[in-house]
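See below for the structure under consideration.
The values are calculated or read from the model by the stated rules, or taken from the named source; none is laboratory data. Please read all numbers here as calculations on a predicted model, not as lab measurements. Here the Cβ positions follow ideal geometry from the backbone for every residue, glycine too, while neighbour counts run over all protein chains shown. Side chains included, ligands, DNA and RNA excluded: accessible areas come from the protein's heavy atoms. Shrake-Rupley method; radii C 1.70, N 1.55, O 1.52, S 1.80 Å.
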Amino acid sequence: MTLAALPFALSFVHPLMMWVLLLASAYAMYLGIKAKKTRTGTPEQRKALIPGKFAQRHFRWGGLLLGLIVLGSIGGMAVTYLNNDKLFMGPHLLAGLAMTAMIAVAASLSPFMQQGNVIARKAHVGLNMGMMTLFLWQAVSGMEIVNKIWSSR
């Protein structure tokens, strides 16, 4: 690959990364559901779930996702700007910015949830469910953008 082809190739790093992060987010959501079941289940259910350390795993995956989603969002905007000398103000950009804010706020609630704050827990779940909904829509709209970039080569 020549240096001139690099900007075009970089256009595909953001979508690939985001598809991986969408799947990783679904896994983190699964861990969160299991963590809740560990807290709220029957004694027998809790005994079976405790060895899975779902809360700790959810916390670690959440932190990793926070960092990578923020970097992926900024990276997508940077590549768009480098290739076009501008950002395209539209639904994909705005939804991506909203997702980035939502995951940051959801993660910031962790200390309050660790102290047992039920409102923080409900807000965390609501923000992340909203983020996942936007993420699914972003996957579809992002593939339309990828198709335009591929077609214009």
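Between residue 77 and residue 98, the modelled labels are 1.6 nm apart [label points 7 Å from Cα along Cα→Cβ]. Between 40, 133, 100, the Gaussian network model of the chain with springs among Cα atoms under 10 angstrom shows the greatest mean-square fluctuation at 40. Using only helices, what value at 222 nm comes out for the chain when you add -39,500 (n - 2.57) per DSSP H run of length 4 or more and divide by the total residues, to the nearest 500 deg cm²/dmol? My calculation for the chain gives -28500 deg cm²/dmol from helical runs alone. Surface composition of the chain: carbon and sulfur atoms hold 72% of the protein heavy-atom accessible area at a 1.4 Å probe.
Comparing 89, 17, 102 in a Gaussian network model of the chain, where Cα atoms under 10 Å apart are tied by springs, the biggest mean-square fluctuation is seen for 89.
Considering only 130, 90, 72, the Gaussian network model of the chain with Cα springs below 10 Å gives its largest mean-square fluctuation to 90.
Extension gain for residue 152-residue 110 works out to 10.7 nm (0.36 nm per residue, less the C-alpha to C-alpha distance). Rolling a 1.4 Å probe over the heavy atoms of the protein chains gives the chain an accessible area of 64 Å² per residue.
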